[in-house]
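Structure first, commentary second.
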Amino acid sequence: MTERPLKLLILGGTAEGRALAHALHAVDPALHVVTSLAGVTKHVADLAPDLAGEVRIGGFGGTGGLVTYIKDNAIDALIDATHPFARHITENAVHACAQTGTPYLRLDRPEWPMPKDTDVVFVPDAQEAARLVARTSRATLLTIGNKDLAAFEGVDKVKLVVRVIEQPGPELKLNNATYVVARPPFTLQGEVALIRAHGIDTVVTKASGGDATRAKLDAAAAVGARLVVLRRPPAPTAERVFTIEDALVWTQRHLNI
């Protein structure tokens, strides 16, 4: 009787998730790696050809749906490499793995060190960022993703430059907003040019980490703009690593590959 291949589920959609899938395939081509992409943006299907192993697109339907998927697909381990602000997905994964006895690992990004000699204000959420911007800014660059932009509805006396991966729908009512549709990575030179072109005095971002979008912090420092940074959600109470190498070590330990 032939033993079935071991199966590992990666919750991906990030550069780290893609790199991990390729690294696992290189270490053990027999390991069945499934990378799940949430499908929250229209371009998500374009990522599939760049991934090693199997790819699924779409949500699971909460903790219960993920429990069912883990059982039905005989998942042996799960690595959560989602965005640091994908709090609900991470919570669902932790609970689903606890319920099914599936080993869980969080592959996280190290947080950015903030540039020196720069005005940096940390805030708990987009609502507080919007209140601060409304009181103190003339022109703000928003780089927080589409989901949190509604917090800035009603901030009408501030010029808003909104950088997004996809243009928001008409339901978003941001007056006095200019949209810049672009995908990372971004260069320091390009970020400085963007900030200067629009007279930006405040850059609002999330404490996401990662090299692809780091340049906006250094650009703000270079031109003397203030940084308003949304704090990360609390990390899960679970095993957590910050490098692909450590994730490979964890996988080898738990799956004996």
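Read-outs: derived from the displayed coordinates by stated rules, not from any lab. What you see is a predicted model, and the numbers here were worked out from it, not measured in a lab. Note that each Cβ is placed from the backbone with ideal geometry, even for glycine, and that neighbours are counted across all protein chains shown.
Points worth noting:
- For the chain, the longest principal axis of the alpha carbon atoms and the long axis of helix 15-27 meet at an angle near 30°.
- Over the residues of the chain, the helix contribution to mean residue ellipticity at 222 nm works out to -9500 deg cm²/dmol, using -39500 (n - 2.57) for each DSSP H run of at least 4.
- Eligible lysines near residue 216 by straight Cα distance, threshold 26 Å, same-chain separation 8 or greater: 42, 116, 147, 157, 159, 173, 206
- All C-alpha to C-alpha distances of region 169-257, sorted into 10 Å bins beginning at zero, yield P(r) values of 13, 32, 27, 18, 9, 1 percent in whole numbers.
- Compared with the alpha-carbon gap, the fully stretched path from residue 131 to residue 181 is longer by 15.5 nm at 0.36 nm per residue.
- Set of lysines near residue 71 by C-alpha distance (under 24 Å), chain-local residues within fewer than 8 positions excluded: 7
- Cα-derived Rg over Rh, computed across region 120-230 with Rh taken as Kirkwood radius: 0.92
- Annotation: average projected area of the chain is 14.7 square nanometres, based on the convex hull of Cα atoms across all directions.
- Rg over Rh for region 60-110 works out to 0.95, both radii taken from alpha-carbon positions and Rh defined as the Kirkwood radius.
- Once the C-beta distance of residue 146 and residue 74 is scaled by a Förster radius of 25 Å, the resulting FRET efficiency is 0.10 to the nearest 0.05.
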